Amino acid sequence: MGKLGISIYPEHSDREKDFAYMEKAAAYGFSRIFTCLLSASRDIQVVKQEFGSFFAKAHELGFEVAVDTNPEVFKALGAAPEDLSVFHSLGIDIIRLDGHFDDFKDALLTRNPYGIRIEFNGSSDTNVRGLIEHGADRRNMTICHNFYPERYSGLSQKTFDRFNEQWKTLGLPVAAFVTSQEKETFGPWPVYEGLPTLEEDRRLPIDAQVRHMIACETVDDILIGNAYASEAELQAMAGVKRANTTIRINLEKEIGEAERHALYDNKHAGRNDASEYFIRSSFPRLNFRNTAIPPRSCQDKMFRRGDVLVVNDNLSHYRGEVEIVLKDIENDGQRNRAGRVADTDLRILEEMEKRPDHIFEIIP
């Protein structure tokens with residue numbers, strides 16, 4: 001199970017607020033911090049003054065610290081691929097390369113004597129495979145996607161999947177950003193439209209963003225890109241079950257207790273022999289061999305994509321089976337509509353459709 005993380009930008013913020021935010025996040029189990037040196041001062045003494053106490057506090061609270069860099073930052077700080085002593089002296093755990101050197105120097109970075117991990121840009125076609133083939137230490141390499149301050153500029157799901165497929169093929173851990181919906185949040189630049197990796201996340205509640213990342217099954221660490229998220233958002237994010245996919249539904253008003261039991265008192269596993277019409281969770285029916293699920297009337301002649309169904313007494317052999325509709329099917333009286341996938345979670349349904357044998361839980 002990956003880590004949860006926050007982002008802090010000391011050169012644009014207040015030390016007391018930063019420390020208070022870090023303490024709240026630590027209390028909710030967050031253990032990664034991202035920050036950016038791309039917009040920081042190029043004077044090493046100023047950087048030490050602005051960031052030194054922040055890094056020390058982060059480690060005191062149990063965080064690991066990642067900093068965004070590029071070759072220009074290295075030059076300004078007097079660092080080089082063969083000499084990371086300045087980063088070590090600052091207490092940096094992960095150096096993220098927003099821009100890279102050449103293949104030899106990038107590989108050399110991963111062989112540093114301090115154990116500083118090197119994080120490559122997950123939202124680009126960096127030749128990470130080639131680096132590994134030419135001497136880079138895979139054990140000291142991680143991946144982190146970009147965030148996108150400008151509206152409509154975030155990654156599409158298709159592009160995100162394409163990148164992550166290659167990172168997972170290489171066996172590398174992947175981090176990505178979600179965004180707080182608090183007003184007047186900020187990042188390293190004066191842009192205030194959120195800082196997500198995926199464009200579709202920009203306006204969603206933070207728990208829905210996180211649950212979608214988990215459903216993708218290609219993301220390890222999930223970081224909030226902007227500061228400061230509210231305590232309610234930290235709590236919501238920390239409360240997400242990360243062991244498997246969770247999908248939220250809105251219940252029908254007349255739902256019966258037996259249907260609630262089928263939905264909520266079971267972990268579901270979609271069948272890998274699923275049809276194109278629904279994701280099919282068969283295990284709940286084992287609990288309903290001798291328990292009735294009376295049919296409920298429904299005026300709709302068709303069930304639509306996103307409807308959540310429970311098989312009723314009219315098809316007693318399959319009674320209690322839970323089905324999530326992917327393609328419209330006839331309402332033949334054999335299934336009760338128990339609810340519908342929440343609008344915020346329709347993207348999660350898309351991820352489940354890609355791999356029908358998802359293990360998942362239904363949440364209210």
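The values are calculated or read from the model by the stated rules, or taken from the named source; none is laboratory data. Please read all numbers here as calculations on a predicted model, not as lab measurements. Cβ: placed from backbone, ideal geometry, glycine included. Neighbour counts: every protein chain shown. Keep in mind that these areas ignore ligands, DNA and RNA; they rest on the heavy atoms of the full protein, side chains included. Shrake-Rupley method; radii C 1.70, N 1.55, O 1.52, S 1.80 Å.
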Evaluate the distance, in nm, between pseudo-label points positioned 7 Å from the Cα of Ala238 and of Lys48 along their respective Cα→Cβ axes. 3.5
Cα centroids of the stretch 133-187 and the stretch 293-316: how far apart, whole angstrom? 40
Out of residues 5 or more away from Ile363 or on other chains, whose amide H comes under 5 Å of its own, with H placed 1.01 Å from N in the peptide plane? Ile247, Arg248, Ile249
Computed P(r) (all Cα pairs; the chain; 20 Å bins; percent): 28, 48, 21, 4
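Count the net charge of all other residues whose Cβ sits under 11 Å from the Cβ of Ala227, scoring Lys and Arg as +1 and Asp and Glu as -1. Before the final figure, lay out each step's value.
Values: positive: Lys17; negative: Asp14, Asp18, Glu182, Glu184.
Here the charged neighbours net out to -3.
Report, in deg cm²/dmol and to the nearest 500, the calculated mean residue ellipticity at 222 nm for the chain, where each DSSP H run with n ≥ 4 adds -39500 (n - 2.57) and the sum is divided by the residue count. Spell out each step's value before the answer.
Values: 11 runs with 105 residues, N = 364.
Computed ellipticity for the chain at 222 nm equals -8500 deg cm²/dmol.
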So which DSSP H runs in the chain come out at 15 Å plus along the axis (Cα) with average Kyte-Doolittle of at least 0.0? 206-216
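Magnitude of the Cβ-charge dipole of the chain, K/R +1 and D/E -1, about the Cα centre, nearest 20 debye?
Numbers: 46 positive and 59 negative charges, 173 e Å.
Its charge dipole is roughly 820 debye.
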Amide proton proximity set for Ala338, modelled H, under 5 Å, gap of 5+: Val308, Leu309, Val310
What list of ³J(HN,Hα) values in whole Hz, one per residue of the stretch 305-315 in order, does the Karplus curve 6.51 cos²θ - 1.76 cosθ + 1.60 (θ = phi - 60°) give from phi, with Gly and Pro shown as x? 3, x, 5, 10, 10, 10, 5, 10, 5, 6, 9
Classify the stretch 265-364 as rounded, prolate or oblate from the Cα gyration tensor: take a ≥ b ≥ c as the square roots of its eigenvalues, call it rounded if a/c is under 1.5, otherwise prolate when a/b beats b/c and oblate if not. oblate
Using Cα pairs under 8 angstrom and six or more residues apart, how large is the relative contact order of the stretch 244-363, in percent? 40
The stretch 189-225 and the stretch 55-95 have their Cα centres apart by a whole-number Å value of 25
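Given contacts defined as C-alpha pairs under 8 Å and at least six residues apart, what's the relative contact order of the stretch 197-297, whole-number percent?
Values: 50 pairs, mean separation 22.1, N = 101.
Over the stretch 197-297, the number comes to 22 percent.
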Residue-by-residue Karplus 3J(HN,Hα) for the stretch 76-89, coefficients 6.51, -1.76, 1.60, Hz, glycine and proline x: 5, 8, x, 9, 7, x, 8, 8, 9, 4, 5, 5, 5, 5
Relative contact order %, the chain, counting alpha carbon pairs below 8 Å whose residues are six or more apart: 14
Integer Hz, Karplus 6.51/-1.76/1.60 couplings in order for the stretch 179-184, x for Gly and Pro: 10, 6, 9, 5, 6, 6
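In what sequence, largest accessible area first, do Lys267, Lys183 appear using a 1.4 Å probe?
Working: Lys267 125, Lys183 185 Å².
Reading off the accessible areas and sorting them downward yields Lys183, Lys267.
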Between Glu182 and residues 5 or more places away or on another chain, the pairs with built amide H atoms under 5 Å apart involve Ser230
Going through the stretch 34-106, which trypsin sites (Lys or Arg not before Pro) have at most 16 other Cβ atoms within 10 Å and a DSSP loop state? Arg42
Who wins for biggest fluctuation among Asp83, Asp102, Asp307 in a Gaussian network model of the chain, springs between alpha carbons below 10 Å? Asp102
Heavy atoms of the protein only, probe of 1.4 Å, neighbouring chains included. What is the accessible area of Ser275 in Å², nearest 10? 60
Selection of trypsin sites (Lys or Arg not before Pro), the stretch 299-364, meeting DSSP coil and at most 15 other Cβ within 10 Å: Lys301, Arg304, Lys327
Which links in Lys24/Lys241; Lys267/Lys301; Lys3/Lys57; Lys158/Lys301 stretch past 24 Å when you go from one Cα to the other? Lys267/Lys301; Lys158/Lys301
